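The values are calculated or read from the model by the stated rules, or taken from the named source; none is laboratory data. It should be emphasised that the depicted structure is a prediction, and the values quoted were computed from it without experimental measurement. No Cβ is skipped: glycine too gets one built from the backbone with ideal geometry, and neighbour counts run over all protein chains shown. With ligands, DNA and RNA removed, areas are computed over all heavy atoms of the protein, side chains included. Shrake-Rupley method; radii C 1.70, N 1.55, O 1.52, S 1.80 Å.
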Amino acid sequence: MKEVKSKQIQDILKKAKTNLVVWIIVAICAAAIMVLSVFMDDFRKSTSLHEILAAGESPENKLVHVEVSEKPYVFAYYPGDNSGKFYFLMDEEYMYVGFLSEKTFKELDVDSITENHVTVKGVTKKIPSDIKKLALDAYNEAVDKDQKLTSSEFGDYFGLIYLDETETDYVQVILLLVGVIGWFVGFIMTIAQIILVIRLNRTIKKFDEKEWETINKELEADDAFYYKNAKLALTKNYVIDFAGGFKPFKYHDILWMYKYEYRYNGINTQLSIILYTEDKKRHVVAQLPGYTKKSKEVNKEIMESIMNKNEKMLVGYTKENRNRMKEEYQIKA
């Protein structure tokens, strides 16, 4: 690669490479967050539902688990609620009330569960009075008379809370969204920075050593002027656009120049300069906010400086200039 002596070009290359590294890191971190959100249940520590009930506690929205060792038994559901049903869940010693999705129920409703126990995680919720009554009726119908429970004994046996396996973990959802959005933005910006670096290198390579040396010297010369907000430099022989990279244009290569105002709802929101060069390409440079007096002054100053360097170019978006460009260069604008 050619030696870069101009500090301005060095800064652009350094910034592009730094941004590339930053966005790669962002994409990697976002991917890690996505993986974390997907496997969060495996990392988050849950409490045994039995331990909580044995301690006489009834906290809500607490992450708990039950090591299910028997097929679940359905005893209630709300008509129209397709998210799940209420089941009796059993480990090797105790019985609990749980709310399971159809998918989870099918995973547990297998003969092998008696040997290969399955841990079910969910959050705790208070057992509604109507579900308590249905659970009590279903239990009492299934056991002998001497094992039946009264309403007052229900809490001592089942507790006052149930495990809801279907409850959305909003922390997990938020992490997943952050991960997906972060990865997408990181990926897009990484590609954009790779393209920018490639374009910068291609731009530098297209100049021979002599011209490249001239561009570097002119950028560092005392008579070079840099418009920071417009991201544009004017040197002895070049207009150099730094917006989104590095694009030099020789003054004598410019065929046509005019001011362009972008209006939104009647308001001039952006002011820029359009250049057509001998290769018949259109270039937008010196983009500035269109509603400030300073922007208009800078725009005028840049255009006058370029005009002084090339008296042959056409200036202004007029019908006459459009016709000349179309007839002489086959450029339609």
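Residues that are free of Cβ contacts under 8 Å to residues at least 60 places away in the same chain and over 17 Å from TYR162 (Cα atoms) do not occur anywhere in the range 83-91.
For (1) of a type in the set (Phe, Trp, Tyr); (2) part of a helix (DSSP H, G or I); (3) crowded, with 17+ Cβ neighbours inside 10 Å, each residue gets a yes or a no:
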{"residue": "LYS259", "(1), (2), (3)": "no, no, yes"}
{"residue": "ASP279", "(1), (2), (3)": "no, no, no"}
{"residue": "GLU301", "(1), (2), (3)": "no, yes, no"}
{"residue": "MET325", "(1), (2), (3)": "no, yes, yes"}
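The residue pairs whose first member lies in the range 248-268 and is free of Cβ contacts under 8 Å to residues at least 24 places away in the same chain, whose second member is aromatic (Phe, Trp, Tyr) and surrounded by fewer than 17 Cβ atoms within 10 Å (Cβ to Cβ), and whose beta carbons are closer than 7 Å, counting only pairs six or more residues apart or on different chains, are ASN268/TYR291. Residues that are farther than 16 Å from TYR260 by Cα and not in a loop (DSSP other than H, G, I, E, B) within the range 308-323 comprise ASN308, LYS309, GLU320, ASN323, listed in sequence order.
Among the residues of the range 66-83, the one identified as over 15 Å from PHE158 (Cβ atoms), open to solvent by less than 10 Å² (accessible area, probe 1.4 Å) and out of contact with any Asp or Glu (no Cβ under 6 Å at 6 or more places or on another chain) is VAL68.
Residues in the range 205-226 that are open to solvent by 30 Å² or more (accessible area, probe 1.4 Å) and charged (D, E, K, R): LYS205, LYS206, ASP208, GLU209, LYS210, GLU211, GLU213, LYS217, GLU220, ASP222, ASP223.
Of the residues LYS300, LYS296, which single one is among the basic types (Lys, Arg), within 20 Å of ASP241 (Cβ to Cβ) and within 38 Å of the chain's Cα centre (by Cα)? Walk me through how you get there before you give the answer.
Working: LYS300 fails: within 38 Å of the chain's Cα centre (by Cα).
Exactly one residue qualifies, and that residue is LYS296.
Among the criteria (1) among the polar types (S, T, N, Q); (2) modelled with pLDDT under 85; (3) open to solvent by 80 Å² or more (accessible area, probe 1.4 Å), the one ASN229 does not fulfil is (2).
Annotation: HIS252 fulfils all but one of (1) more than 23 Å from ARG282 (Cα to Cα); (2) assigned to a helix (DSSP H, G or I); the unmet one is (1). Selection of the range 7-17 for residues being under 25 Å from the mean Cα position of the chain (by Cα) and either among the basic types (Lys, Arg) or modelled with pLDDT of 90 or more (or both) yields LYS14, LYS15, LYS17.
The residues of the range 160-197 that are open to solvent by less than 60 Å² (accessible area, probe 1.4 Å) and in contact with a strand residue (DSSP E or B) (Cβ under 7 Å, 6 or more places away or on another chain), listed by number, are ILE161, TYR162, LEU163, ASP164, GLU165, THR166. Within the range 92-107, track down each residue that is of a type outside the set (Gly, Ala, Ser) and buried (at least 19 other Cβ atoms within 10 Å of the Cβ). Listed by number, the residues that qualify are TYR96, VAL97, PHE99, LEU100, THR104. Criterion first (surrounded by 15 or more Cβ atoms within 10 Å (Cβ to Cβ) and closer than 30 Å to GLU213 by Cβ) does HIS252 satisfy it? Here the answer is no, as HIS252 does not meet what is asked. GLY290: small (Gly, Ala, Ser), over 27 Å from TRP23 (Cα atoms) and surrounded by fewer than 13 Cβ atoms within 10 Å (Cβ to Cβ), yes or no? No.
Quick one: would you say LYS206 is touching a residue at least 12 places away in the same chain (Cβ under 8 Å) and more than 31 Å from the chain's Cα centre (by Cα)? The answer is no for LYS206.
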